[in-house]
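K.L.:
Here it is: the structure, laid out below.
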Amino acid sequence: MTTTVRAAGAAHFLSLVPHLLGFRPRGSLVVVPFAGRRSLGAMRVGLPTGDLDDLDRAAATIVGMVCRIPDADGLTAIVYSPDSAADGLPGVAVLAAVSRAADVCGLRVADLLSVGADGWGSHLDAACPAGGRPLQEIDDAGGGAGAPPESGPVLEDHTAGAELPRRSPAERRVVGGALRALETALAVVCGIPSVGRGAARDAAVDADALAAACELDDPPCLFESALALDPAALDPARAALLTWCLARPALRDVALVQWATDAGGGAAALEAQRRWEEGEDYPERLGRIMWGDSDGPDPERLQRALAVVREVAALAPRRLRPGPLALCAWLSWALGRSSHAASYAERALEIDADHGLAEIMLSFVQVGHLPDWAFRQRGHVR
């Protein structure tokens, strides 16, 4: 069930792993599935800890994910540890658990590797010296071969990139003012209450706010047009309108389905929401999108939506920020960025401890649940 990768080949392989992931793993267990000699992406989890049973459960979970990938017939597992390799390669127990789980599933183990604070090596290489091999070998191997030509930038760790855009208090105050004007218009004209604060029903209605409120007559048009926005130049009135929508679960879920499908999907979700409020069942086909059990969304569409919603979250008043943060979590999760999803969900729950979507997304990450389409994507390193 096991084959040994030569040390020089393993060093080159390790130099490419950050490009597979898009970041430099630290304190992590990384598993790279294979179909024959071809890699099928990479998966990262926090470095498992605990007794033998805990390690076996963690290994069974991540190897089970490999089993869900079409054509996968093998794997390489890598422990990235802050521990020294001076007294032996770190991660022996973790990698042994992965090997046992792979054997149970009938997957071949191409290699079991450790990268410590001061050395690296293969647990299948009998010639690996005590204390491991110099880390410089990995850098040299990567420098010689170069990164895959189509690979993007490599971030410093798995949490990098989850920070919201930096916006000044003055910018947030402008959006807050636009939001108050919108809420006043909706309260006075439509009788719609605000979220988390009162709006004076006898206040003057701002003309621009009234025009923005009229866009709520066609939410799918509003959400589709959002994908064409320049996030860095988001108009305060537009940011306020999107903040208002994403703070309301019904409209937020319409946006989620639409950005994962198309404008037609948004219209279907809006109608389904209306019927659900009248007592009908929510359509299973739409629910499956939200749970990650449908056909894979267009990643570029999700990335555009995430860029806009991150900007909205950065500009939103604190009381309404959990909505866009939770949607950032779902979009990140749908793109395979579980660490980012957890970060957004945790920030939403810091503001609203009972926020439903944020709770769901954090639970997804904690149990290792990924969308089904994640197992049909392919990595770019061979």
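The values are calculated or read from the model by the stated rules, or taken from the named source; none is laboratory data. As the structure is a prediction and not an experimental result, all values here were calculated from the model. A quick note on method: Cβ atoms are made from the backbone with ideal geometry, for glycine too, and the neighbour counts reach across all protein chains shown. Just so you know, the surface numbers come from the protein's heavy atoms only, side chains and all, with ligands and any DNA or RNA stripped out. Shrake-Rupley method; radii C 1.70, N 1.55, O 1.52, S 1.80 Å.
K.L.:
Output yes when any residue across region 347-370 is surrounded by 23 or more Cβ atoms within 10 Å (Cβ to Cβ), among the aromatic types (Phe, Trp, Tyr) and either within 26 Å of Thr61 (Cβ to Cβ) or without any contact (Cβ under 8 Å) to a residue 24 or more places away in the chain (or both), and no when none is.
P.N.:
No; the residues of region 347-370 include none that is surrounded by 23 or more Cβ atoms within 10 Å (Cβ to Cβ), among the aromatic types (Phe, Trp, Tyr) and either within 26 Å of Thr61 (Cβ to Cβ) or without any contact (Cβ under 8 Å) to a residue 24 or more places away in the chain (or both).
K.L.:
I'm checking my understanding of the structure. Among residues of region 12-34 that are small (Gly, Ala, Ser) and touching a strand residue (DSSP E or B) at 6+ places or on another chain (Cβ under 8 Å), which one is surrounded by the most Cβ atoms within 10 Å (Cβ to Cβ)?
P.N.:
By that ranking, first place goes to Ser28.
K.L.:
I would also like to ask the following. Please verify whether region 75-92 includes one or more residues that are in a helix (DSSP H, G or I), touching a Pro at 6+ places or on another chain (Cβ under 8 Å) and over 25 Å from Gly161 (Cα atoms).
P.N.:
The answer is no; no qualifying residue exists.
K.L.:
Please state which one of Asp73, Asp111, Asp118 is crowded, with 23+ Cβ neighbours inside 10 Å and among the acidic types (Asp, Glu).
P.N.:
Asp111 is the lone residue from the list that is crowded, with 23+ Cβ neighbours inside 10 Å and among the acidic types (Asp, Glu).
K.L.:
Looking at region 258-309 only, could you name the residues that are open to solvent by 40 Å² or more (accessible area, probe 1.4 Å), closer than 29 Å to Ala233 by Cα and charged (D, E, K, R)?
P.N.:
Those that are open to solvent by 40 Å² or more (accessible area, probe 1.4 Å), closer than 29 Å to Ala233 by Cα and charged (D, E, K, R): Asp262, Asp298, Glu300, Arg304.
K.L.:
Take Leu52 and tell me if it is of a type in the set (A, V, I, L, M, F, W, C) and surrounded by 14 or more Cβ atoms within 10 Å (Cβ to Cβ).
P.N.:
no
K.L.:
Can you tell which of Ala130, Ala85, Ala93 is open to solvent by less than 10 Å² (accessible area, probe 1.4 Å) and farther than 15 Å from Ser28 by Cβ?
P.N.:
Among Ala130, Ala85, Ala93, only Ala85 is open to solvent by less than 10 Å² (accessible area, probe 1.4 Å) and farther than 15 Å from Ser28 by Cβ.
K.L.:
Right, here's the next one. Quick check on Ala255: is it within 20 Å of Pro322 (Cβ to Cβ), in contact with a Phe, Trp or Tyr (Cβ under 8 Å, 6 or more places away or on another chain) and at pLDDT 90 or above?
P.N.:
Yes; evaluated as a whole, the condition is true for this residue.
K.L.:
Just to verify a result, which residue in region 96-105, among those that are touching a residue at least 60 places away in the same chain (Cβ under 8 Å) and open to solvent by less than 60 Å² (accessible area, probe 1.4 Å), is nearest to Asp73 (Cα to Cα)?
P.N.:
Checking each candidate, the answer is Ala102.
K.L.:
Still on this structure: Find all pairs meeting these conditions: Cβ atoms under 8 angstrom apart; at least six residues apart or on different chains; first residue within region 156-180 and surrounded by fewer than 13 Cβ atoms within 10 Å (Cβ to Cβ); second residue not in a loop (DSSP other than H, G, I, E, B).
P.N.:
If the second residue must be not in a loop (DSSP other than H, G, I, E, B), the pairs left are Glu156/Phe23; Arg166/Ala314.
K.L.:
Which ones in region 314-339 are more than 27 Å from Pro25 (Cα to Cα) and in contact with a Phe, Trp or Tyr (Cβ under 8 Å, 6 or more places away or on another chain)?
P.N.:
Leu320
K.L.:
Identify, from the list Arg197, Arg167, the residue that is under 23 Å from Gly323 (Cα atoms), at pLDDT 75 or above and out of contact with any strand residue (DSSP E or B) (no Cβ under 6 Å at 6 or more places or on another chain).
P.N.:
Answer to the check: Arg167.
K.L.:
Restricting to region 248-286, name every residue that is among the polar types (S, T, N, Q) and touching a Gly at 6+ places or on another chain (Cβ under 6 Å).
P.N.:
Passing the criteria: only Gln258.
K.L.:
Residue by residue through region 47-66, note down the ones that are in contact with a strand residue (DSSP E or B) (Cβ under 9 Å, 6 or more places away or on another chain) and part of a helix (DSSP H, G or I).
P.N.:
Ala58, Ala59, Thr61, Ile62, Val63, Met65, Val66
K.L.:
In this structure, is Ile78 within 18 Å of Val367 (Cα to Cα), touching a residue at least 24 places away in the same chain (Cβ under 8 Å) and aliphatic (A, V, I, L, M)?
P.N.:
Taking the combined requirement at face value, the residue does not satisfy it.
K.L.:
Checking the conditions here, which among Leu357, Leu315 is over 12 Å from the mean Cα position of the chain (by Cα) and farther than 23 Å from Leu234 by Cα?
P.N.:
Only one candidate qualifies: Leu357.
K.L.:
Given the structure, is Ser294 closer than 17 Å to Ala260 by Cα and touching a His at 6+ places or on another chain (Cβ under 8 Å)?
P.N.:
no
K.L.:
Of all residues being in contact with a Pro (Cβ under 7 Å, 6 or more places away or on another chain) and either without any contact (Cβ under 8 Å) to a residue 24 or more places away in the chain or of a type in the set (A, V, I, L, M) (or both) in region 252-282, which is farthest from Phe223 (Cα to Cα)? Just the residue, please.
P.N.:
Among them, the one singled out is Ala272.
K.L.:
Separate question: Report the residue count in region 6-46 for those that are within 18 Å of Ala110 (Cα to Cα) and part of a strand (DSSP E or B).
P.N.:
Residues meeting the conditions: 11.
K.L.:
Filter region 39-67 for residues that are within 19 Å of the chain's Cα centre (by Cα) and either of a type in the set (Ser, Thr, Tyr) or over 10 Å from Gly368 (Cβ atoms) (or both) and give the result.
P.N.:
Leu40, Gly41, Ala42, Arg44, Gly46, Leu47, Thr61, Val66
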